[in-house]
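These notes concern the structure reproduced below.
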Amino acid sequence: MPEMTYVAAIAEATREEMERDESVYLMGEDIRQSVYGASAGLVDLFGEDRVIDTPLSESGFFGAAIGSSLVGQRPIVETVTSFFWVGMDQMISQASKMRYMFGGQATLPVTWRARMFYARGAAAHHSDRNYPVFMNCPGIKIICPTNPYDAKGLLKTAVRDNDPCILFEDGIAISSRGEVPANEDLPNGELLVPFGEARIVREGTDVTVVGVAGGVAHAEAAADVMAQEGVSVEVIDPRTLVPLDKKTILKSVEKTGRLVIADPAHKVCSAASEIASIVAEEGFWSLQAPIMKVASEQVNIPYSPALEPLVYPTPERVVAAIRETLS
Amino acid sequence: MPPDRDTLMLMLERMYRIRLFEETVIEIHSTGELQGPAHPYIGEEAVAVGACAALRDTDYIAGNHRSHGHPIAKGGDLKRALAELLGKQGGYCHGKGGSMHLADFSVGILGESGIVASSVPIATGAALASKQQGKDFVSLVFFGDGASNQGACHESMNLASLWNLPVIFLCENNQYAITTSYKNSVSVDHVSDRAPAYNMPGVLVDGQDAIAVYEAVTVAVQRARAGEGPTLIEALTYRFEDHSLGLDRIRKSAYRSEEEVEEWRKRDPLDIHEEALISTGVATREECDAMKSDVVVLVAEALEFARESPYPEPSDLFEDMWADPIPAP
């Protein structure tokens, strides 16, 4: 099976969807020059009407994307998670609420793709892992691909979905390579990954570790360490947080009796908090130990390389949490 | 160019609809039948009616929290409008939106937003779609003097001009953002003075004169359809009532004088339009009165429909969330 990078998978999904449906277009800052790598060459293929460089006006162009989606367009908006704050009114007051508030009259097939930089010395204004904020707001589907296969398949699904979607592109996973099947080798001729279906990254019997976004890589590294000690770790990647495949998580916990959640978001009201709460409410009698959350410390992201690594989950912290659930 | 007779009469009828609808709203709010805030459009009817008369059915509008006049002017159904205000299943939004979100998408409305200025980018995006799809529909957004100071408004005007989009920015300058005069919040004499900064025409029009609004919007629509880009129109108007029903505390404050209110009430947009039609022989007083009587009946029938419409069922709580439904968490 051919290998490609996460960024290349995003670019391929975008190109395929733009070829398939001429209502799909891409807008964002510096996309014609492909500053973040995922839109290289698209302006040559599709022209400036469908690959739109915007002014630095997140309220304006997020809203314009929403408005165009109401009358038949399918915009993909490229941005950075930290700039969500700048255009938040359009995302929450409009995108997340319009359909319900107008009694189902509005249909908004708009997809945001946002690079989630962190752990690279970018300091507090460019290190936001803010998917939990959106989980708290009904009306937006939230997607966290952690490998090239899912990046391609989930983006294509998001573009075809008729609701607002946000794809959080993990800055740590972004340069990873992975297998992505060629279309001609797929039964339907294309790669579509459905929402709400978690991926069991590896099966195990002693502890369940749910990884969120970049937490999946830490969970896998921790599982390798524990395997050397004879501990069998089951690693689960929910892939989408809204909708969340709680059945797969609960079933795993029923088997293992132990749960650790690795989530690079700030730990208060994180995705990890929500998953822990679901398992506490609905899977309590399966648990043989307290649930452990390994999420970012509740502090703003510092610049100094001496401080920043202290904030985030690491494989070592996940290992420590696994050991604690086993003690 | 002046509107033809049918258009002039349609404008009169729509103005009666809005006025009598709003008087009914005030009445049923005073008795407690209508709950929650409601922002009467009385005094500003000429703006929505003049603007919508210059649009085609296939054009789009977007509006704000003072949302009752816009859908009625665009041809929205009165029954479903009143049912929405009463929180009934038969409303435009099945009772999910209420007074600040009275949007009838079936007549080309893209939403009425309770967050001022947040519809301005939405209308800009619809205009972008028109251009991308190679169609000739335009979009028009109503926003207030207060909203004109929001970043979303400035960003949208820059985008629309930069991309030459078929959108009309129509500022309903009713002079007060709740209690704050535009003279204390807008840095130029008029909102329309800002147009040159976005390299688009800026037009100041008498917002009490429906024909004047119609003519200004017609020019802007022609310009938009011809691919010549956006226009900023400021319609100077006045809200005859207070900001919102149910905000009685504001009534007692002295943010505007009784004398000022009375002066503006002398420029009632319905009187001005009736007078224009009668003085030019387009209609007689009797024809106007007969039309108004018909609208009285329409509004009464709408109220009856709204009262008889059932409330949503508890099971409707989770309806209308998703176009492609997902399981509840």
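Each reported figure results from applying straightforward, stated rules to the coordinates on display, with no laboratory input. Computed from a predicted structure; not experimentally measured. Heads up, the Cβs are rebuilt from the backbone with ideal geometry, glycines too, and the neighbour counts pull from every protein chain shown.
Among the listed pairs B:K96/B:K266; A:K247/A:K267; A:K97/A:K246; B:K88/B:K266; A:K97/B:K292, which have their C-alpha atoms separated by more than 26 angstrom in this model? Going by Cα-Cα distance, B:K96/B:K266; B:K88/B:K266; A:K97/B:K292 fall outside the 26 Å limit. Summarising the amide proton neighbourhood of A:R199: residues at separation of 5 or more, or on other chains, whose placed amide H is nearer than 5 Å comprise A:D237, A:R239.
Counting Lys and Arg as +1 and Asp and Glu as -1, each charge on the Cβ, what is the dipole of chain B about the Cα centre in debye, to the nearest 20? Dipole about the Cα centre, nearest 20: 820 debye. Across B:I168, B:I278, B:I18, mean-square fluctuation computed from a Gaussian network of chain B (C-alpha pairs under 10 Å connected) peaks at B:I278. Simple point charges give the picture: +1 on the Cβ of Lys and Arg, -1 on the Cβ of Asp and Glu, and for chain A a dipole about the Cα centre of about 720 debye. Simple rule: put +1 on each Lys or Arg Cβ and -1 on each Asp or Glu Cβ in the range B:5-304, find the dipole, and look at B:V167, B:V107, B:H68; the Cα lying farthest toward the positive end is B:V167.
Taking the C-alpha atoms only, the angle from helix A:271-282 to the longest principal axis of chain A is near 60 degrees.
Ordered by the count of other Cβ atoms within 10 Å of each Cβ, fewest first, A:L310, B:L165 give A:L310, B:L165. For the range B:4-21, putting each phi into the Karplus relation 6.51 cos²θ - 1.76 cosθ + 1.60 with θ = phi - 60° gives couplings of 6, 4, 4, 5, 4, 6, 4, 4, 4, 5, 5, 5, 4, 4, 5, 4, 6, 4 Hz, in residue order, rounded to whole numbers and with x for Gly and Pro. Shielding by partners for peptide B:153-162, expressed as the average number of C-beta atoms from other protein chains within 10 Å of each residue's C-beta, is 4. Both radii were evaluated on the Cα set of the protein assembly as shown; the Rg over Rh quotient, with Rh as the Kirkwood radius, amounts to 1.04. When a/c is below 1.5 the answer is rounded, else prolate if a/b is larger than b/c, else oblate, so apply that to chain A with a ≥ b ≥ c taken from the square roots of the Cα gyration tensor eigenvalues. Here chain A falls in the prolate category. Between rounded, prolate and oblate, where does the range B:5-304 land on the alpha carbon gyration tensor, with a ≥ b ≥ c its root eigenvalues, rounded for a/c under 1.5, else prolate if a/b exceeds b/c? Taking the square roots of the gyration eigenvalues as a ≥ b ≥ c, the range B:5-304 is rounded. Computed about the Cα centre, the dipole magnitude for the protein assembly as shown is approximately 1120 debye when only Lys and Arg (+1) and Asp and Glu (-1) carry charge, each at its Cβ. Sorting B:D248, B:D136 by the number of Cβ atoms found within 10 Å of their own Cβ, with the fewest placed first, yields B:D248, B:D136. Shielding value for B:126-135 is 6, the average number of Cβ atoms from other chains within 10 Å of each residue's Cβ.
All other residues whose Cβ lies under 12 angstrom from that of B:S148 are scored, Lys and Arg at +1 and Asp and Glu at -1, for a net of -3. Note on chain A: GNM, Cα springs under 10 Å; of A:P315, A:P148, A:P290, the largest mean-square fluctuation is that of A:P290. Reported to the nearest whole Å, the Cα centre-to-centre distance from the range A:284-327 to the range B:255-326 is 60. The protection proxy used here, the mean number of other Cβ atoms lying within 10 Å of each residue, ranks peptides B:34-43, A:275-284 as follows, highest first: B:34-43, A:275-284. Anisotropy class assigned to the range A:3-185 is rounded, per the alpha carbon gyration tensor with a/c under the 1.5 cut-off. With helices as the sole contributors, chain A gives -9500 deg cm²/dmol at 222 nm; each DSSP H run of n ≥ 4 counts as -39500 (n - 2.57), and the sum is divided by every residue.
Footprinting exposure proxy ranking of B:C288, B:C52, fewest other C-beta atoms within 10 angstrom first, gives B:C288, B:C52. Cα centroids of the range B:13-76 and the range A:184-199: 48 Å apart. What angle, in degrees between 0 and 90 and rounded to the nearest 10, separates the Cα long axis of helix A:6-20 from the longest principal axis of the Cα atoms of chain A? It works out to around 40 degrees. Helical content alone sets the calculated 222 nm signal of chain B at -13000 deg cm²/dmol, taking -39,500 (n - 2.57) per DSSP H segment of four or more residues and averaging over every residue.
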